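Let me begin by presenting the structure, written as structure tokens, before commenting on it.
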Amino acid sequence: MSTMLDKSHIEEDIHPESRLETWRKQIGRADLGPLPILMGLVVIWIIFQILNSHFLSARNLTNLILQAAASGTMSIGLVLVLLLGEIDLSVGAVSGLCGSIVAVMNVNLGVPGPIACLIGIAAGAAIGLFQGMWFTRFKIPPFVVTLAGWLAWQGAQLWVLGETGTINLRDPFIVGIANTFFPPVVGWVVGLLFVAVFAISMIAQRRQRTAVGLGVSSNGALMFRVGIIAVAVIGTVVLLNSYRGMPMAVIIFIGLIIIFDLITRRTTFGRHIYAVGGDIEASRRASINVNMIRVAVMVLCSTMAALGGIMAESYLLAVNQSSGSGDVLLDSIAAAVIGGTSLYGGRGNVWSALIGALVIFSISNGMDLLALPSSTKFMVTGGVLLVAVTIDAITRRNREVKGK
Amino acid sequence: MIFLPRRYTNLEGGKMDEKPRSPILELKGISKRFGAVQALNNVDFEVFSGEVVALVGDNGAGKSTLVKCISGINTVDSGEIFFEGKPVEICGPKDTAQLGIETVYQDLALCDNLDVVANLYLGREEISPILSGAVHSLNEVIMEKRSIDTLKTLSVKIPSVRSVVASLSGGQRQSVAVARAVMWNSKVVLLDEPTAALGVAQTRMVLDLIKNLRQQGLGVVVISHNLVDVFDVADRIIVLRLGRRVGTYITKNTRSDQIVGAITGAEFGEVEEVTNDNGNKEGSADEHHVG
């Protein structure tokens with residue numbers, strides 16, 4: 001492949017490209033970051049608002065965000081697996097199984113809520129470890145291992161739930177995860193703290209770079225970025241406060257995204273995830289422990305699936321035999337891909353879990369408001385996923401054709 | 001068979017007079033067999049600091065095997081390896097890396113999706129502790145600064161050290177791969193076909209980089225099929241044929257048809273037929289001349 005790539009450069013100049021040229025090439029490569037998908041989200045919101053004036057109400061958007069939080073949490077784990085260039089098909093079943101374990105522990109066996117949740121999360125981690133070991137030990141692609149897992153964990157879920165079928169949750173801790181709303185002041189404190197930390201870290205980074213004589217972006221660009229973030233955060237806080245306040249589930253979800261964003265972008269572990277997703281052989285030669293990275297990512301993915309399962313059952317106040325089945329798996333994969341994480345590995349970031357989940361649930365929520373039948377909903381969601389994957393594939397092909 | 005080593009010992013004698021110092025890396029009597037194939041047969045090899053040696057030969061001559069023996073991917077069946085005059089044992093790639101020998105393979109082994117800085121530091125990232133060492137974070141500032149410095153020292157020109165490798169041209173990628181190999185205090189660097197599939201300007205860029213490495217005092221071994229590039233950049237040319245070293249030439253005293261002759265065997269005849277009476281042949285006369 002590399003030979004083919006190299007040939008396309010034969011005529012190319014070795015001089016540095018002008019900034020305009022770089023910019024033009026980025027457009028050609030559709031390498032605009034999250035901009036297109038954010039614009040898509042705005043378009044979706046405008047369309048649904050025109051069709052139904054309740055869509056952009058504080059009440060509906062709060063519900064939308066709560067729906068997105070559980071699925072988006074699962075997407076965080078999937079983003080990590082996708083960055084490796086692999087896939088995990090068992091996340092839906094794992095979320096259902098771990099949710100059921102928590103419910104059975106708490107309701108049937110009387111285990112306190114927090115401990116039941118920890119057991120459920122540990123079960124998720126153990127499943128990830130098992131699947132990851134199977135993948136690396138026997139060299140079976142995760143696609144197949146987790147496909148088998150999908151069925152097996154679904155069976156385990158039926159077995160765990162036993163005769164009862166549906167279990168209703170009453171434990172204040174478990175129910176509180178998705179049903180706690182903080183008073184407005186908490187929302188403001190959390191929101192402003194977020195903006196402040198973001199601004200301070202940007203400025204600190206700038207200072208460090210200036211200190212060793214590296215180039216920095218202009219003051220205007222810095223202010224612009226901080227400004228955009230501030231507007232988005234303050235807008236969200238105002239919106240949530242005007243209904244029932246800042247939901248705890250949102251704080252958990254965004255907190256997890258920030259943690260995993262830092263892990264993927266700022267640690268050697270995260271750097272090595274991208275490296276393995278980019279080129280396994282290059283990673284190996286750089287003495288990266290490829291199998292360790294793979295197992296760790298599979299563990300994190302299943303752990304996040306378990307967390308997502310707990311958040312979902314908390315939101316729905318119950319768990320049953322179909323929890324985690326249906327479109328749960330596809331929603332979380334679709335969210336990661338729509339948010340801009342490549343199916344081919346090595347490209348994307350954790351924030352795509354948030355953006356993608358918002359897109360998916362805006363569409364499904366909007367269609368619910370319009371009382372469209374399931375048939376239409378499935379077809380539209382499928383179409384959106386197809387478009388996202390196609391954009392991903394075209395981006396990739398453009399890069400290869402241009403040897404980029 | 002007995003004859004060849006003696007002849008090259010003579011040759012090295014002449015060589016030593018010209019450069020009265022010991023090679024940084026020296027291999028003596030290296031043999032390597034893969035099943036029925038004798039890939040390397042009693043081969044000597046040496047490279048000095050501040051010198052570019054080209055290793056040429058037809059397909060199957062044993063160039064790649066020799067490089068893999070040096071870089072530790074293959075272990076030798078017999079023979080000795082000396083590094084800075086001391087005998088060393090090379091059992092794996094880690095041993096060579098510790099000695100300061102780095103290899104740049106044809107496939108470059110770069111992660112296309114990462115930027116230049118990340119690739120230069122892949123597997124050796126600079127980190128700084130946070131919260132009194134409880135966790136760490138990548139020290140991007142230091143890595144970026146040092147990457148820029150390294151590339152400047154090597155006169156490598158790329159649009160930005162923050163461009164992803166996928167957006168670089170073939171020559172730029174090759175340069176990044178070479179920079180990564182030499183930026184960790186390497187003393188010897190082996191380059192496998194560094195100019196294959198590159199255009200004219202790109203090739204020039206890589207050859208300039210190789211000359212730059214020589215100036216920095218590294219021992220550089222270049223495997224190449226392209227004799228024009230070899231004559232441009234190499235100080236000495238070592239020719240392998242059918243697993244043996246059949247000639248060593250000082251580039252400035254050599255014509256390319258002599259090398260072609262040595263590669264194809266037109267000058268020496270078949271290796272198996274080389275005997276004592278071969279000494280009068282044109283080829284060996286040339287060698288004594290150039291040595």
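The values are calculated or read from the model by the stated rules, or taken from the named source; none is laboratory data. Computed from a predicted structure; not experimentally measured. All Cβ positions, even for glycine, are placed from backbone atoms using ideal geometry, and neighbour counts span all protein chains on display.
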Quiz item: Within the group A:GLY187, A:GLY124, which residue is within 27 Å of A:LEU56 (Cα to Cα), crowded, with 19+ Cβ neighbours inside 10 Å and not hydrophobic (A, V, I, L, M, F, W, C)?
Solution: A:GLY187
Exercise. With respect to B:SER155, determine if the residue is part of a loop (DSSP other than H, G, I, E, B), in contact with a helix residue (DSSP H, G or I) (Cβ under 6 Å, 6 or more places away or on another chain) and surrounded by fewer than 16 Cβ atoms within 10 Å (Cβ to Cβ).
Key: yes
Quiz item: Within the stretch B:135-144, can one find any residue that is facing chain A (nearest Cβ under 9 Å) and more than 16 Å from B:VAL117 (Cα to Cα)?
Solution: yes
Practice problem: Name the single residue, out of those in the stretch A:348-404 being touching a Phe, Trp or Tyr at 6+ places or on another chain (Cβ under 8 Å) and within 14 Å of chain B (Cβ to nearest Cβ), that is modelled with the lowest pLDDT. | Solution: A:ARG396
Self-check item: Those residues of the stretch A:256-271 which are assigned to a helix (DSSP H, G or I), hydroxyl-bearing (Ser, Thr, Tyr) and out of contact with any Asp or Glu (no Cβ under 7 Å at 6 or more places or on another chain), in sequence order
Solution: A:THR264
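Conditions (1) out of contact with any strand residue (DSSP E or B) (no Cβ under 7 Å at 6 or more places or on another chain); (2) over 24 Å from A:GLY278 (Cβ atoms), marked per residue:
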position: B:SER167; (1), (2): yes, no
position: B:ALA181; (1), (2): no, no
position: B:PRO194; (1), (2): no, no
position: B:LYS211; (1), (2): yes, yes
position: B:LEU218; (1), (2): no, yes
position: B:ASP235; (1), (2): no, yes
position: B:ILE238; (1), (2): no, yes
Quiz prompt | Among the residues listed as A:GLY339, A:GLY345, A:GLY356, the single one being over 18 Å from A:GLY92 (Cα atoms), in contact with a helix residue (DSSP H, G or I) (Cβ under 6 Å, 6 or more places away or on another chain) and surrounded by 24 or more Cβ atoms within 10 Å (Cβ to Cβ) | solution = A:GLY339
Quiz item: Does the stretch A:271-300 hold any residues that are under 30 Å from A:PHE194 (Cα atoms) and at the interface with another protein chain (Cβ under 9 Å from one of its Cβ atoms), and which are they?
Solution: A:ARG271, A:HIS272, A:TYR274, A:ALA275
Practice problem: Considering each of B:GLN215, B:GLN202 in turn, give the residue that is buried (at least 21 other Cβ atoms within 10 Å of the Cβ) and modelled with pLDDT of 80 or more. | Solution: B:GLN202
Quiz item: Across the stretch B:162-217, what is the total count of residues that are closer than 19 Å to B:VAL53 by Cα and outside any helix (DSSP H, G or I)?
Solution: 13
Exercise. Consider only pairs whose beta carbons are under 9 Å apart and that are at least six residues apart or on different chains; among these, list those whose first residue lies in the stretch B:196-217 and is within 14 Å of another protein chain (Cβ to nearest Cβ) and whose second residue is crowded, with 21+ Cβ neighbours inside 10 Å and of a type in the set (Asp, Glu).
Key: B:ALA196/A:ASP6; B:ALA197/A:ASP6; B:LEU198/A:ASP6; B:GLY199/A:ASP6; B:GLN202/A:ASP6; B:THR203/B:ASP229; B:VAL206/B:ASP229; B:LEU207/B:ASP229
Quiz item: within 25 Å of B:GLY60 (Cα to Cα), hydrophobic (A, V, I, L, M, F, W, C), surrounded by fewer than 21 Cβ atoms within 10 Å (Cβ to Cβ) and more than 14 Å from chain A (Cβ to nearest Cβ): does that describe B:LEU227?
Solution: yes
Exercise. Might you let me know whether the stretch A:233-255 holds any residue that is within 21 Å of the chain's Cα centre (by Cα), loosely packed, with under 15 Cβ neighbours inside 10 Å, assigned to a helix (DSSP H, G or I) and not aromatic (Phe, Trp, Tyr)?
Key: yes
Quiz item: So which of B:LEU110, B:LEU120, B:LEU190 is within 10 Å of chain A (Cβ to nearest Cβ) and closer than 30 Å to B:PHE45 by Cβ?
Solution: B:LEU110
Quiz prompt | Options B:SER169, B:SER163, B:SER132, B:SER147; residue that is touching a helix residue (DSSP H, G or I) at 6+ places or on another chain (Cβ under 7 Å), surrounded by fewer than 23 Cβ atoms within 10 Å (Cβ to Cβ) and either aromatic (Phe, Trp, Tyr) or not assigned by TED's automatic domain parsing to the domain that holds B:ARG204 (or both) | solution = B:SER163
Quiz item: Which of the residues spanning the stretch A:192-232 are at pLDDT below 85, under 13 Å from B:GLU144 (Cβ atoms) and among the small types (Gly, Ala, Ser)?
Solution: A:GLY213, A:GLY215
Self-check item: Extreme residue, surrounded by the most Cβ atoms within 10 Å (Cβ to Cβ), among residues of the stretch A:362-392 that are under 29 Å from B:ASN113 (Cβ atoms) and touching a residue at least 24 places away in the same chain (Cβ under 8 Å)
Solution: A:ALA388
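With the condition kept exactly as written, say whether any residue in the stretch A:259-270 is more than 10 Å from chain B (Cβ to nearest Cβ), under 26 Å from B:ALA118 (Cβ atoms) and free of Cβ contacts under 8 Å to residues at least 12 places away in the same chain.
yes
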Quiz item: Can B:ASP149 be described as away from chain A (no Cβ under 11 Å), of a type in the set (Asp, Glu) and assigned to a helix (DSSP H, G or I)?
Solution: no
Quiz item: Of the conditions (1) surrounded by fewer than 23 Cβ atoms within 10 Å (Cβ to Cβ); (2) touching a strand residue (DSSP E or B) at 6+ places or on another chain (Cβ under 9 Å), A:VAL319 fails just one. Which one is it?
Solution: (1)
